[in-house]
Amino acid sequence: MAETPELLLKEAARFLGIKNNIPPQLEERINELYNILTETATPRSVWRIFQIEAGEVSVTFDDAFSIQGKDLAQILRGCQRAVLLAATLGSSVDKLIGRLQATAMDDAVILNACATAEIEALCRRAEGEILRGMDKDSFLTMRYSPGYGDVPLAESEKIITALCAQKQVGLTLTRTNILVPLKSVTAVIGINKDKREEYGGCPGCGLQDSCPFRKRGESCGL
Amino acid sequence: MGFKIPDDRILIFDGAMGTMLQNRGLKVGGIPELLNITNIELIGAIHKEYLTAGADVISANTFGANRFKAEKAGRPLEELVIPAVKAAKREASAYRNKFVALDIGPCGRVLQPTGDLPFEEAVEVFAEVVRAGSDAGADLILL
């Protein structure tokens, strides 16, 4: 499902903390910067389906390696298969944000928000493609990334290695496990036959008590 | 033996190592270079297959051997590099005019300012692989 530019623009505004009534001047600037972002980004993604076994505190993939996380194991309980996904907007976006941070800080903040909206959209597009390749009665659980809940950031390395994501999409880690390029995602998504409520939205989210969106009466949209 | 590309000859390189290892049971996410310590016979057998198939240059199982990987594997870098080059040399020596390449892949970290790897450290990361590989007798380096 293609997402309209208006929707992505609203999403970028939301990441800037603006819920409704975007001032026209700002809306125009978001629009301009979103266009610059789309021209600059080189979006790429790679994924693969694994056989999994969800334990108590970790999930094992293809009997070969495990990703730690109690919440993740809980979400994947009942799933026989899961997708590992790596997606990135490419390093040109990092360079652009870095340049704007030195020359026009306000634009840098806006472009950063646009890039966050865009990487999320890229992940949703990938999820759409994954779903298209599966049986009609299959569902995807929520997308769960290292650094979220109790899955350590360091677990990203296993996803990058398992997908050869450095070679495939140019994704690497810093010594402190930050993804490079910055506007990138590594994630685990369970595949299941029955749709449980906690597969999307706030009920299954470990951050529901401290979420800034919820405090404002909204949700992050995942 | 010194390596010089012959004017009158086309040199054939070998194929991939990782897929050969996975076909022989290396698990996804496993460290291929650890096999240089734990199962060097397997690495030698793969080199032999490529040589038998007609490869003139075989690449040592060192593509991912660098200090970061070595740290993760809990082994000194030299233990990953030296047996790999030596095993390839051993197989190549059974033939005439075959060469061994020290295979060097990306180190997995990105240079500053995009990433967090300082230039000087990057130089050292690659230099120490080159030193170990050339000490072990590699004929050439494949980048």
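The values are calculated or read from the model by the stated rules, or taken from the named source; none is laboratory data. Just so it is clear, the structure is predicted and the values come from calculations on it, not from any experiment. Reconstructed Cβ throughout: ideal geometry from the backbone, glycine too, with neighbour counts over all protein chains shown. Calculation scope for accessible area: heavy atoms of the full protein, side chains included, ligands and nucleic acids excluded. Shrake-Rupley method; radii C 1.70, N 1.55, O 1.52, S 1.80 Å.
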So the carbon and sulfur contribution to the accessible area of chain B, 1.4 Å probe, in percent, is 57
So the B/A interface buries, both sides summed and with a 1.4 Å probe, an accessible area in Å² (nearest 100) of 1200
So, relative contact order of the stretch A:24-150 in percent, Cα under 8 Å, 6 or more apart, is 27
Excluding residues fewer than 8 positions from A:Lys193 in its own chain, the lysines with Cα under 16 Å of it are A:Lys136
Violations at 19 Å Cα threshold for listed pairs B:Lys48/B:Lys98; A:Lys167/B:Lys98; B:Lys48/B:Lys89 -> A:Lys167/B:Lys98
Charge tally for neighbours of A:Thr186 with beta carbon under 12 Å away, counting Lys, Arg as +1 and Asp, Glu as -1, is 0
For A:Lys10, counting only aspartates and glutamates whose alpha-carbon sits under 14 Å away and dropping same-chain residues fewer than eight positions off, the answer is A:Glu27, A:Glu28, A:Glu32, A:Glu118, A:Glu120, A:Glu218
Expressed per residue, the solvent accessible area of the stretch A:98-222 in Å² (1.4 Å probe) is about 49
In nm, the gap between the two label points placed 7 Å beyond Cα toward Cβ at A:Arg81 and A:Glu27 is 4.4
Percent relative contact order for the stretch B:16-143, counting Cα pairs under 8 Å at least six residues apart, stands at 26
Rounded to the nearest 0.05, FRET efficiency between A:Glu39 and B:Ile12 (Cβ-Cβ, R0 45 Å) equals 0.60
For the stretch B:16-44 the residues that are at least 40 Å² less accessible with all protein chains than alone, 1.4 Å probe, are B:Lys27, B:Val28
Chain A: relative contact order from alpha carbon pairs under 8 Å, six or more residues apart, as a whole percent, is 24
The equivalent-ellipsoid semi-axes of the protein assembly as shown, taken as the square roots of five times the Cα gyration tensor eigenvalues and listed largest first in whole Å, are 44, 25, 17
To the nearest 0.05, the calculated FRET efficiency linking A:Phe139 and B:Thr19 through their beta-carbon distance, R0 being 35 Å, is 0.60
Most fluctuating of A:Arg125, A:Arg44, A:Arg99 in the GNM of chain A (C-alpha, under 10 Å) is A:Arg99
Here the residues of the stretch B:75-122 whose accessible area is at least 30 Å² smaller with all protein chains than in the chain alone (probe 1.4 Å) are B:Gly108, B:Arg109, B:Val110, B:Thr114, B:Asp116
So for R0 = 41 Å, FRET eff. of A:Lys19-B:Ala127 from the Cβ-Cβ r, to 0.05, ends up at 0.15
For the pair B:Thr38 and A:Gln74, the simple spin-label estimate (label points 7 Å beyond Cα toward Cβ) gives in nm 3.4
Cβ-Cβ cut-off under 14 Å around A:Ala113, Lys and Arg +1, Asp and Glu -1: the net charge is -2
In the stretch A:35-128 the accessible area split gives carbon plus sulfur, as whole percent at 1.4 Å, a share of 48
Checking B:Asn61, B:Asn97, B:Asn36 against a Gaussian network model of chain B (alpha-carbon springs below 10 Å), the top fluctuating residue turns out to be B:Asn97
Reduced to Cα centres, the span from the stretch B:21-94 to the stretch A:1-79 in Å works out to 38
Per residue, accessible area of the stretch B:21-99 with a 1.4 Å probe, heavy atoms of protein chains only, in Å², comes to 47
